[in-house]
Protein chains: 2
Amino acid sequence: MSPVPNARVLFNAIPQGVPTPGQTTVYDSSQSIDLESHPLNGGFLIKTLVLSIDPGMRTRMRSTEEKSYATAFEIGQPLEGFGIGVVLRSENPDVAVGKYLQGRGFLHQQYFVLPSLPFGMFFLDRHPALPLTTYVGALGLPGKTAWAGWKDYSRAKKGETVFVPSGASAVGTMVIQLAKLDGLKIIASAGSEEKVEFLRKLGVDVAFNYKTVDTRGVLEREGPIHIYWDSVGGETFNAALDNAAVGARFMECGQMTTLNSVGSHAITIENPMAIFGKSVSIHFITSFLIIPKHLEEFNRVVPAALVAGTLLRSPEDVRHGLECVGEMIRAVQSGETRGKAVVVLGEA
Amino acid sequence: MSPVPNARVLFNAIPQGVPTPGQTTVYDSSQSIDLESHPLNGGFLIKTLVLSIDPGMRTRMRSTEEKSYATAFEIGQPLEGFGIGVVLRSENPDVAVGKYLQGRGFLHQQYFVLPSLPFGMFFLDRHPALPLTTYVGALGLPGKTAWAGWKDYSRAKKGETVFVPSGASAVGTMVIQLAKLDGLKIIASAGSEEKVEFLRKLGVDVAFNYKTVDTRGVLEREGPIHIYWDSVGGETFNAALDNAAVGARFMECGQMTTLNSVGSHAITIENPMAIFGKSVSIHFITSFLIIPKHLEEFNRVVPAALVAGTLLRSPEDVRHGLECVGEMIRAVQSGETRGKAVVVLGEA
C-alpha cells in the first residue's frame with residue numbers, strides 16, 4: 001500500500017490573548033505515512049476519529065518555564081488533547097486491532113503510534129444509540145468533571161440558588177441537570193438565543209443571554225446565590241462573589257476570561273470585604289484528582305440516562321477535518337461556538 | 001458628685017494605607033460625665049476597662065458607601081470594638097451593678113450608657129487565675145475564631161504540614177496549639193526574635209522571623225503545605241498558594257497587607273494555573289457565623305486548659321490609657337506590636 005497523507009496541527013507560537021489560527025497553530029499537510037508498513041516497535045497505530053477542542057487547552061499554550069499542572073505544548077510539535085480513535089494495527093498484546101479508545105493523549109494528527117496506553121486513555125465501550133462525540137462530551141471529561149465536582153463540593157440543599165454561566169456547555173449542561181435533581185433554583189447564561197432556548201428546555205428558572213443582558217443585574221434581582229459554577233472568571237466571577245449568599249460554595253472549573261487576558265493572568269477578587277463576612281468557600285476543581293472515586297457510579301448511571309433521555313446532552317458544534325482546529329480553538333476561547341466544540345476526522 | 005472627665009477616641013478621616021494617629025483617629029478629652037446623675041433612661045452605665053485593638057478594625061475605616069459585613073465607623077464618632085467593662089449603675093433589671101461584660105460593642109470612651117446588651121456582648125465569668133485581658137485574647141474573639149475555624153475547615157490529618165504566619169498573635173497561638181494536638185508539622189513566622197522564641201516554646205517545627213528570612217524560600221524547602229491560616233494576604237498568601245499541596249485547605253482569616261495597600265484592596269491570585277491543578281479550597285472565615293456551634297465545647301475546654309497551662313496564651317502588648325489607641329492601631333496594622341494588642345483603662 002502506498003503512503004497516505006498524515007496531516008497534523010502544530011503549536012507554532014505562544015498567544016497573547018485569544019489564540020489566532022495560522023499563527024498560534026498551523027495546519028501542516030506535508031507528511032505522509034504507510035499504514036501497512038510503518039514500524040510499530042511493539043506499540044500500536046491509532047487512527048484519530050474525534051478531537052475535543054477544550055477550553056483547558058489554553059493553559060497549555062504557554063512557555064514551558066511557566067509551572068502548571070498541565071504540560072505546556074512544545075513549539076513545532078502537534079497539539080494534543082482529548083479525543084477518540086480506533087486501533088488500526090497492533091504489536092501490543094493488550095491493545096487489540098479494531099478497539100476504540102477515548103480520553104487523553106490524542107495527537108492532533110490523522111495517524112500516530114503509541115507504545116502502550118498512556119495515563120488517561122481508556123477503551124471505549126460504545127453504546128450503539130449514542131453518537132461517538134458523546135464520549136468527549138457528556139461521557140467524557142466535561143460530563144465527568146461536572147458530576148464529580150458537584151458531588152464533592154456543592155453540598156446542595158433544596159431551595160438554594162445556583163448560577164451557571166456557560167450553561168449550554170457540556171459541563172454546564174450536566175451541572176444544571178444535577179442541580180435540577182437536587183431541587184435548586186437555577187440561574188444560567190449562554191451566548192446565543194438558541195442556547196438560551198436549550199437552557200429553558202433543561203428546566204433553568206432564569207435563563208439569559210449574557211451578550212445582551214447584564215449578568216450583575218440578573219444576580220442582584222434573582223440572587224443571592226448559594227452555589228456558583230465558574231468557567232469564565234473575570235467580571236462574572238466578581239459579580240457572583242458580590243451576590244454570594246452566606247456560606248456560598250464557589251466551584252472554580254476554569255477562568256477563561258482571566259487566562260485569555262493579555263498580560264497578567266492573575267485571578268482578582270475585587271471586593272474582598274464583602275465575602276469575608278459571608279463564609280464563602282472557593283474550591284478549585286482538578287478533574288483527574290476528583291473523578292476516580294465517582295467513576296463507578298458515573299458509568300452505572302449516566303450512559304443509561306442519556307440513552308433513556310432522562311439526561312440530555314449539550315448542543316454540539318461539530319466541524320469536519322483537522323484544518324478546522326485552529327479556528328475552532330479561537331471560537332472556543334471567544335465563546336462563539338454553538339455548543340461543545342468537536343472536530344471530526346472520521347467515523348471509523 | 002462632680003463630673004469626671006470622659007475621654008474618647010474619635011474616627012476622624014478615612015486612611016489611605018496604614019492608619020495615622022492624630023489624623024485617622026483623634027483623642028478627645030473635652031467631655032465629662034456625672035457618674036451619679038447621668039440619665040440612664042432604663043439602661044445601664046459601663047466603665048470601660050479593656051479595649052482590644054484588632055486587625056479587623058481596619059475594615060471599618062472606610063466610606064459608609066462601601067459595602068461590608070462590618071459597619072463602617074462614622075466620622076466624628078467614637079471608635080467601637082471588642083472590650084471588657086464593668087456595670088457602674090443600672091436601671092435595666094437584666095444587668096446588675098458590678099457585673100463584668102465582654103465582647104462587641106465597646107465604645108472607645110471611658111464611660112458610656114447602653115439601653116440593653118447589644119448583639120455579641122455577654123456577661124463575663126472571670127476566672128481568678130486568669131488576667132482580665134485573656135477575655136479579649138485566648139478567651140475572646142481571636143481564640144474562638146481560631147478554634148471554630150480549625151474545627152470547621154482544617155480537616156487536619158496527622159503528618160500534614162500547616163503554615164501559620166503571625167503565629168504569635170492570639171489567633172495564631174491557638175491555631176498552632178490545635179495543629180500540634182492534631183499531630184501536624186508546623187511552620188510559623190513572626191516579626192521579632194522574641195516572638196520566634198515563643199513559637200518554639202509552642203512546639204513549632206519551623207519557626208522564623210519573616211522580617212529577616214524569606215517566607216517563599218522557607219515554604220519551598222519545608223512545604224508543600226496542606227493547611228494555610230492566613231491573616232496577612234499579599235505576597236505571603238501567594239507564596240503559600242504556590243507551595244500548596246494537592247487538596248490544600250486555605251483559611252482566610254484576614255488579609256492585612258491587602259487592606260492596608262493604597263488604592264485597590266483586591267485579593268490577587270498571581271499564578272492560578274498552579275492551583276487549578278491541586279484541588280485547593282479557600283475558605284473565608286466569618287467569626288460570628290461559625291463560633292456559635294462550637295461555643296459550648298470551647299467554654300468547657302479552653303478556660304480550664306489555660307488555667308492548667310496545657311494551653312498557652314499569646315504574648316500581649318499592653319498599653320495604658322485611651323490616648324494610646326491611635327498609636328496602637330498603627331502598630332497593629334504595621335505588624336509592630338510585641339503581642340496581642342490591648343489598651344487597659346482600668347482594672348475594676
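The values are calculated or read from the model by the stated rules, or taken from the named source; none is laboratory data. Given the structure is predicted, the values throughout are model-derived calculations rather than measurements. All Cβ positions, glycine included, derive from the backbone under ideal geometry; neighbour counts span all protein chains shown.
Here is a check on your reading of the model: is B:S166 at positive phi, in the same structural domain as B:F250 (by TED's automatic domain parsing), touching a residue at least 12 places away in the same chain (Cβ under 8 Å) and touching a Pro at 6+ places or on another chain (Cβ under 9 Å)?
Here the answer is yes, as B:S166 does meet what is asked.
Return the residues of segment A:178-195 that are buried (at least 22 other Cβ atoms within 10 Å of the Cβ) and either of a type in the set (F, W, Y) or within 12 Å of A:S166 (Cα to Cα) (or both); say none if nothing qualifies.
If the condition is that a residue be buried (at least 22 other Cβ atoms within 10 Å of the Cβ) and either of a type in the set (F, W, Y) or within 12 Å of A:S166 (Cα to Cα) (or both), then A:I187, A:A188, A:S189, A:A190, A:K195 are the ones that fit.
Evaluate segment B:73-81: report whether one residue or more is within 14 Å of another protein chain (Cβ to nearest Cβ) and touching a helix residue (DSSP H, G or I) at 6+ places or on another chain (Cβ under 8 Å).
Yes, because at least one residue in segment B:73-81 is within 14 Å of another protein chain (Cβ to nearest Cβ) and touching a helix residue (DSSP H, G or I) at 6+ places or on another chain (Cβ under 8 Å).
For segment B:24-66, which positions are of a type in the set (D, E, K, R), in contact with a Gly (Cβ under 7 Å, 6 or more places away or on another chain) and part of a strand (DSSP E or B)?
Correct list: B:K47 only.
Can you tell me how many residues in segment A:155-177 are part of a loop (DSSP other than H, G, I, E, B), touching a Leu at 6+ places or on another chain (Cβ under 7 Å) and buried (at least 24 other Cβ atoms within 10 Å of the Cβ)?
Counting residues in segment A:155-177 that are part of a loop (DSSP other than H, G, I, E, B), touching a Leu at 6+ places or on another chain (Cβ under 7 Å) and buried (at least 24 other Cβ atoms within 10 Å of the Cβ) gives 2.
A:M1 fails exactly one of the following numbered conditions: (1) farther than 24 Å from A:C253 by Cβ; (2) within 19 Å of the chain's Cα centre (by Cα); (3) hydrophobic (A, V, I, L, M, F, W, C); (4) at pLDDT below 95. What is the number of that condition?
Answer for A:M1: the failing condition is (2).
For segment B:239-319, please list each of the helices (runs of 4 or more DSSP H) lying entirely inside it that holds at least 1 residues being modelled with pLDDT of 95 or more and more than 7 Å from every other protein chain (Cβ to nearest Cβ).
B:295-308
Quick one: what pairs do we get from segment B:111-131, first residue of a type in the set (V, I, T), second not in a strand (DSSP E or B), C-beta under 9 Å, 6+ apart or different chains?
Sorted first by the residue in segment B:111-131, then by its partner, the pairs are B:V113/B:H38; B:V113/B:P39; B:V113/B:L40; B:V113/B:N41; B:V113/B:G43.
Suppose the filter is on the phi < 0 side of the Ramachandran plot, in the same structural domain as A:V9 (by TED's automatic domain parsing) and not aromatic (F, W, Y); does A:P115 pass it?
Judged against the criteria, A:P115 is a match.
Have a look at A:K47, A:K67 and point out the one that is under 25 Å from A:R319 (Cβ atoms) and of a type in the set (D, E, K, R).
Testing whether each residue is under 25 Å from A:R319 (Cβ atoms) and of a type in the set (D, E, K, R) leaves just A:K47.
Just to check your reading of the model, which residue among A:I225, A:I176 is closer than 16 Å to A:A239 by Cβ and not acidic (D, E)?
Just a single option satisfies the conditions, and that option is A:I225.
From B:A207, B:A190, which residue is among the aliphatic types (A, V, I, L, M), closer than 26 Å to B:M57 by Cβ and not assigned by TED's automatic domain parsing to the domain that holds B:S334?
B:A190
Starting from residues that are among the charged types (D, E, K, R) and touching a helix residue (DSSP H, G or I) at 6+ places or on another chain (Cβ under 8 Å), keep the ones in segment A:110-153 and report whichever is farthest from A:P315 (Cα to Cα).
Within segment A:110-153, the match that is farthest from A:P315 (Cα to Cα) is A:D152.
When you go through A:K144, A:K195, A:K180 one by one, which is the residue that is assigned to a helix (DSSP H, G or I) and within 14 Å of the chain's Cα centre (by Cα)?
A:K144
Would you check which residues across segment B:329-348 are part of a helix (DSSP H, G or I) and either basic (K, R) or over 13 Å from the mean Cα position of the chain (by Cα) (or both) and list them?
Listed by number, the residues that qualify are B:R330, B:A331.
Only one of (1) within 14 Å of another protein chain (Cβ to nearest Cβ); (2) surrounded by fewer than 16 Cβ atoms within 10 Å (Cβ to Cβ); (3) of a type outside the set (S, T, Y) is not met by B:D152, so which one is it?
That leaves (2) as the condition not met.
From (1) out of contact with any strand residue (DSSP E or B) (no Cβ under 8 Å at 6 or more places or on another chain); (2) at pLDDT 95 or above; (3) assigned to a helix (DSSP H, G or I), pick out the condition that doesn't hold for B:E235.
(2)
Conditions (1) on the phi < 0 side of the Ramachandran plot; (2) charged (D, E, K, R); (3) within 14 Å of another protein chain (Cβ to nearest Cβ), marked per residue:
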| residue | (1), (2), (3) |
| --- | --- |
| B:D34 | yes, yes, no |
| B:P55 | yes, no, yes |
| B:V87 | yes, no, no |
| B:N92 | yes, no, no |
| B:K99 | yes, yes, no |
| B:Q102 | yes, no, no |
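Select from segment A:215-230 the residues that are in a helix (DSSP H, G or I) and not charged (D, E, K, R) and list them in ascending order.
A:T215, A:G217, A:V218, A:L219, listed by residue number.
Could you tell me whether segment B:11-26 includes any residue that is surrounded by fewer than 18 Cβ atoms within 10 Å (Cβ to Cβ), under 24 Å from B:V87 (Cα atoms) and at pLDDT 95 or above?
Taking every residue of segment B:11-26 in turn, none turns out to be surrounded by fewer than 18 Cβ atoms within 10 Å (Cβ to Cβ), under 24 Å from B:V87 (Cα atoms) and at pLDDT 95 or above.
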